[in-house]
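This report refers to the structure that appears directly beneath it.
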Amino acid sequence: EAQVTQNPRYLITVTGKKLTVTCSQNMNHEYMSWYRQDPGLGLRQIYYSMNVEVTDKGDVPEGYKVSRKEKRNFPLILESPSPNQTSLYFCASSTIPFFPYGYTFGSGTRLTVV
Amino acid sequence: DAKTTQPPSMDCAEGRAANLPCNHSTISGNEYVYWYRQIHSQGPQYIIHGLKNNETNEMASLIITEDRKSSTLILPHATLRDTAVYYCIVRPNFGNEKLTFGTGTRLTIIP
């Protein structure tokens, strides 16, 4: 089954403790992206990657890092999480050029930083 | 600048048709209208898209006005499982522009 898999689904952590949220897709998509979703603000893009070793900032990159060493994986790294990074996170993938009906999202990771 | 305008919320009775409007008065000739929905904090899901003709698939119908400045997503026989946030997005059918979501319409299906 074609899918984007995120782990973990839920995570509670403490301020300053480094964490990684994994994202993997099995569709051989070139493009991968991370979004965060907060009440009243909709989905905002954090980082994206057009292919292996090619990443770029989205709209809200502060406090996050990403890497794209393999085509299928695009982990999101919070080196020193803070409470304002408490949010619902989604990974997405797509072909390039984008056909928006081909955008596939993961099931989400709900992160709480205390 | 917001490309689309949607009402923040709507209710619809179960079994009735749900009609969700979207205004996109600045749409350009190569931009399509896409609809996604997000059910209770799951990842957004593609529903339907169109350029200028009305479209129908197994999930919904899309009616685009002749001037293309607005459209309506129709869920013909709404069920409780259709309760979700619905996003109307305009963008070219292909290209490197990212998918940008607004705040959408929260549709509640009433039993």
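The values are calculated or read from the model by the stated rules, or taken from the named source; none is laboratory data. On a predicted model such as this, the values are computed, not experimentally measured, just so you know. So basically every Cβ, Gly included, is an ideal-geometry build from the backbone, and we count neighbours across all protein chains shown.
Report yes if A:SER82 is among the polar types (S, T, N, Q) and farther than 27 Å from B:ILE39 by Cβ, otherwise no. Answer is yes for this residue. Among the residues of the stretch B:19-35, is there at least one that is crowded, with 17+ Cβ neighbours inside 10 Å, touching a helix residue (DSSP H, G or I) at 6+ places or on another chain (Cβ under 8 Å) and either among the hydroxyl-bearing types (Ser, Thr, Tyr) or modelled with pLDDT of 90 or more (or both)? Yes, the stretch B:19-35 contains at least one residue that is crowded, with 17+ Cβ neighbours inside 10 Å, touching a helix residue (DSSP H, G or I) at 6+ places or on another chain (Cβ under 8 Å) and either among the hydroxyl-bearing types (Ser, Thr, Tyr) or modelled with pLDDT of 90 or more (or both).
So that you can scan it fast, the table gives a plain yes or no per residue for (1) over 30 Å from B:SER9 (Cβ atoms); (2) modelled with pLDDT of 95 or more:
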site	(1), (2)
A:ASP38	no, no
A:GLY58	no, no
A:SER67	yes, yes
A:CYS91	no, yes
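Matching residues to (1) closer than 30 Å to A:MET50 by Cα; (2) small (Gly, Ala, Ser):
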residue	(1), (2)
B:ARG16	no, no
B:CYS22	no, no
B:TYR36	yes, no
B:PRO44	yes, no
B:ILE47	yes, no
B:GLY50	yes, yes
B:THR72	no, no
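Can you tell me which residue within the stretch B:39-63, out of those that are more than 18 Å from B:ALA18 (Cα to Cα) and of a type in the set (Gly, Ala, Ser), is surrounded by the fewest Cβ atoms within 10 Å (Cβ to Cβ)? Looking at the filtered set, the residue picked out is B:SER41. A:PRO39 meets the conditions (1) within 30 Å of B:PRO7 (Cβ to Cβ); (2) in contact with a strand residue (DSSP E or B) (Cβ under 7 Å, 6 or more places away or on another chain) in every case but one. The failed one is (2). Listed here are the strands (runs of 3 or more DSSP E) enclosed by the stretch A:50-97 that have at least 1 residues being closer than 24 Å to B:GLN42 by Cα, away from chain B (no Cβ under 14 Å) and not polar (S, T, N, Q): A:76-78.
Among the strands (runs of 3 or more DSSP E) confined to the stretch B:2-111, the ones with at least 3 residues that are more than 14 Å from chain A (Cβ to nearest Cβ) and within 15 Å of the chain's Cα centre (by Cα) are located at B:18-23, B:61-64, B:70-75. The test for being farther than 26 Å from B:GLN45 by Cβ, more than 11 Å from chain B (Cβ to nearest Cβ) and of a type in the set (A, V, I, L, M) holds for A:ILE12.
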